[in-house]
């Protein structure tokens, strides 16, 4: 028979070495304890969750004795409630919740006792001292407990228990792939709660905060043994007759109080429900249920009125917003319609949202959420659709069909094969409708009683929008001609469908109108070369209008099948380039059309006269090569980002941006103008005091609080822009190759630089602002200019080489094709896309190639140098960040993380020709953003997402997201004072205080063995940068030990007298032996001799001497580093990251080495960065 002593001894041993039952699921252990009174199963549960429960109790309770009592009481409650626990769920979340509540109860009991003792000791009331600030970890536990179970459980399992994704997935019963986004949503929900409590923590630091709150040791062996025995006593006599010791009175009181509360709460809830039923309190019960239960998913669920957006609303975690939310979507607005009363405007944008706005204030009245669409099964698609003759602008994949009923009472939108319908006034959803293929077009009939849809297969359906039922279906008929179909549109009456056909041989276009009732195709309408640029039916379906390059605008009578009028024609030599939108007014008397220069023309249909031109600019000639990628058949031909008000006095338009603008038709002036940019942010910059933002139409200067300081217009709009590092100057180009330099303090142009290239696509300032780099769109060369005088300095790379492989413009969407240019922080290096779609790094002073980085398989959208210039981080379209070590050109690290959790802003799929290449070109916000903090510790990236992913470069872990933009982040910069500035296609910029980012230090409990240190020292010299990075991280776990070890092995470069180097350079012109010895020694000196070698090239040295000097200079600048030199470079990084006083002293010693030596320069730069970031 076992005794309490032997049982205690075995428990202590098992507590140290673990237990064989660790792989048994929680549910099985609970079942064995409940059903068979298996004491070992209870012991295993206590051991398994000892660290979790003990950590929570010690975090909440300062008194260690009280924490021990709460720990014991938690497991007594487990014993009492074991039979009622859901055995399919992990016990950890239940124990965590109980432990926290018990700890809070114990803390409240202690405070109550203190007040009673104080009251009894004095004859007058005691004024309680001011409350101490809430402890961050206590607030964290409180808010974590208040989270819904679906959010709390993954956080507890992953961060407090430290389970892997696989273990979390198994515990909660979900796929492993979904664990990441569940944690992302849970972290965001917790962050919002913490912010409301005054604990400001960016999304990037939530994970670290939770993990730190859960760190701790397991309960001490005596406490563990006491808890097990107390639990078994609480459960009753053991099966073998052993009688266990009873817990203390305090523990029993604490446990029984909690058990009583849990039991009472159930009876109270049942009594409330019964009382409500008896009293007829149905409304009250429904209101209570709505607060606690998840929202219903039935079709008739009313949507609550959305809270109007504030003009300068600052999201949680951000410091300030530059810009406004008035009339702004997160991405391009492609649908605009006025409500019937003219008081509201309905819009839809590529941020996947549909919104109702107050026409006067520009505030959001309501946002409509579309139902999850039913997608077509994925089919194998060709790498790229045929391009013959396709010059028509088809609808991008981010656009979706939207329709507003003529009376404004009903709104419909499509998503995949699902059509969602709402009551506009209330947001109430009506029954959804499902089509057989992807919905491409939606129109309400003139009386609003029917909804007409067209799908990708050409089928047209008339629906009852209230009941969600199909009234009539028209199936498409096969077309025997070989012409290419570029799109289709259906009339609002549902009687006709029009298709555009392009003949592959001649590129001539034609329109074919088909009567749906009979399937009869009317005679084709012949068009000029290129076909129609845009097309529109009149609201009553009577007329059809389209615009083309040479024919201008044509109005066609659909019923009579004849031309009504044609006006605004161009010529073959001077074609007219129309925009994407064309609308016929409700009275059929006016046609409104946008032009490529952002002008809006209003034409009289009957007389064919131009009534008014609104807005616009005079375009500069451009040598840009236009490349358009279009999708195959089944696309919409109608673009609806232009609308006329019911009274015909106002026109609303987006002009291909995220902003909605309104103009007075009679005067042509903009009304209800909103502050801020009107298009996506193309560049941002900051000097730490002000922020400069640039879009295609304006430059704006703001203070750090988001207040506008000054702004000026860019006319014509800019196609390429850059902001100087100190934000004092802005460079812009508008099409004909002239770079304009602007003084940001005055908003005035200071000089122009004529690049002689009309397709300038990339502009960048050097770190000191003295040089300007430019790059043409389809060219691999980089040209350097003197930013002060405008003089051309040099061309880097071969001018005229196309970026695309083989000298041909192809449609392969992969590799580096972006015109972005980047300087290293010291200005020594330049990186840009090269002729083979790879990333090339040059020496800025000589134009010599330093290294080539292989073209990525996915599309590269952005890249940036690390703070020390050793790494070039490349961001691809799929969100992957790859760091390449410049010294070797090899991969150093790869980061792959979950998206930002926003379903509306996932990276766009631009593979397979499903989106326009304009995302990579000029005049648009970048397709991605990436950057490092000034100390190189944190890396931020965003590839087509509204959330910025944050990475800790020291630990290699993703630490969270910075969310606040409604559109994808297009640009970022880190300013002095730890301020991060992000710009977005949503037309706004945000500032973030980086001092709030959580910093986790690498530590270890025991010193590294001497043998391990030697191996890590050897690894630092390995050619593989990933191996060296792993060694550096291991060294940083013991900083003091590592710095001591490294200081004993790293020595400064010996100083060489200038006279000696001058003598060696002179010997290069001497006899053979002198030349040979001098060459060998100068090669050994490397960069130390570089200044003297450059001096030797001044004037007109003899040809043979010049050649020898240039060869030595080439080796000194770009020669491949030896293993020892690689190790020196990496060791300086380790010392900088260690950032201890001892490490600083070592760097100071190294910085005293020979001037010009690589090690000396790197140590000096590291010291400067450490000083700047203190």
Quiz item: Sorted from fewest to most neighbouring beta carbons within 10 Å, what does the list 992, 785 look like?
Solution: 785, 992
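Relative contact order for the range 1010-1172: what is it in percent, counting Cα pairs under 8 Å that are at least 6 residues apart? Please list the in-between numbers first.
Values: 178 pairs, mean separation 46.1, N = 163.
The normalised contact order for the range 1010-1172 reaches 28 percent.
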Self-check item: Label-point separation in nm, residue 1049 to residue 170, each point 7 Å along Cα→Cβ
Solution: 4.0 nm
Quiz prompt | Residue order, fewest to most surrounding Cβ atoms within 10 angstrom, among 57, 174 | solution = 174, 57
Self-check item: Estimated inter-spin distance, residue 24 and residue 857, nm [label 7 Å along Cα→Cβ]
Solution: 4.5 nm
Quiz item: For the range 713-779, what is the per residue volume of the convex hull drawn over the alpha-carbon atoms, in cubic angstrom?
Solution: 75 Å³
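Taking every pair of alpha-carbon atoms in the range 1010-1172, give the share separated by more than 30 Å as a whole percent.
Working: 3721 of 13203 pairs.
Looking at the range 1010-1172, the distances longer than 30 Å represent 28 percent of pairs.
Residue separation times 0.36 nm, minus the C-alpha to C-alpha distance between residue 40 and residue 1063: what's the value?
359.8 nm
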Quiz item: Nearest 0.05, what FRET efficiency do residue 610 and residue 367 give at R0 = 41 Å with Cβ-Cβ as r?
Solution: 0.60
Exercise. Rounded to the nearest 0.05, what FRET efficiency do residue 1152 and residue 1041 give with R0 = 30 Å and r taken as the Cβ-Cβ distance? Could you check?
Key: 0.75
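Which whole-number percent gives the relative contact order of the range 828-883, counting Cα pairs below 8 Å spaced six or more residues apart?
On the way: 87 pairs, mean separation 11.8, N = 56.
Value for the range 828-883: 21 percent.
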Quiz item: Quick one: length gained pulling residue 794 to residue 185 fully straight, 0.36 nm per residue minus the C-alpha distance?
Solution: 214.2 nm
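Residue 670 to residue 425: extension gain in nm, 0.36 nm per residue of separation minus the Cα-Cα distance? Write down the numbers at each step before the final one.
Working: separation 245, 0.36 × 245 = 88.20 nm, distance 2.76 nm.
Full-extension gain reported as 85.4 nm.
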Exercise. Normalising by the residue count of the range 973-1053, find the relative contact order in percent from Cα pairs under 8 Å and 6+ residues apart.
Key: 21 percent
Self-check item: Order of 1106, 429 - criterion: other Cβ atoms within 10 Å of each residue's Cβ, fewest first
Solution: 1106, 429
Quiz item: Which distance in nm do the two modelled labels at residue 768 and residue 526 give, with both placed 7 Å along the Cα-to-Cβ direction?
Solution: 6.7 nm
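Every number in this text was worked out from the coordinates using simple rules, so none of it is lab data. Note that this is a predicted model, so its numbers are computed, not measured. No Cβ is skipped: glycine too gets one built from the backbone with ideal geometry, and neighbour counts run over all protein chains shown.
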